[in-house]
1. List L20, L61 from most exposed to least, where exposure is judged by having the fewest other Cβ atoms within 10 Å.
2. Over all distinct Cα pairs, what is the inverse of the mean 1/r for the stretch 3-72, reported as the Kirkwood hydrodynamic radius in Å?
Amino acid sequence: MIAGWDQGFYGMRVGGKRRLFIPYQLAYGARGRPGPDASHPGIPRKADMIYDIELISVAELPDRGAAACERRGTHPAPSAAVQPLPSPPAPPAQKQHP
């Protein structure tokens, strides 16, 4: 994943929408990314990226690093770059009618 995505998603809540403007330095850099063939040329050099995104849901992914550390008997180092997403607000309680 490109660095700009991490920064763009930070702080989003489920149902939120954003437009991400990712400068080439946080995307694929000065070299770009070549495509698999001539009909799919890839991403040009120094290409800024623009995405319209909507956060549909959040799921916890298994931490493969922790499982590997568990097998080795060590602990994973904390990462300052990874921030937990805030929990979405609880839905309002519905009133029951007699």
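Only the coordinates and a few stated rules stand behind these numbers; no lab work does. This structure is a prediction, so every number in the text was calculated from the model and none was measured. Cβ: placed from backbone, ideal geometry, glycine included. Neighbour counts: every protein chain shown.
1. Starting with the residue having the fewest Cβ neighbours, the order is L61, L20.
2. Across the stretch 3-72, the inverse of the average 1/r is 14.8 Å.
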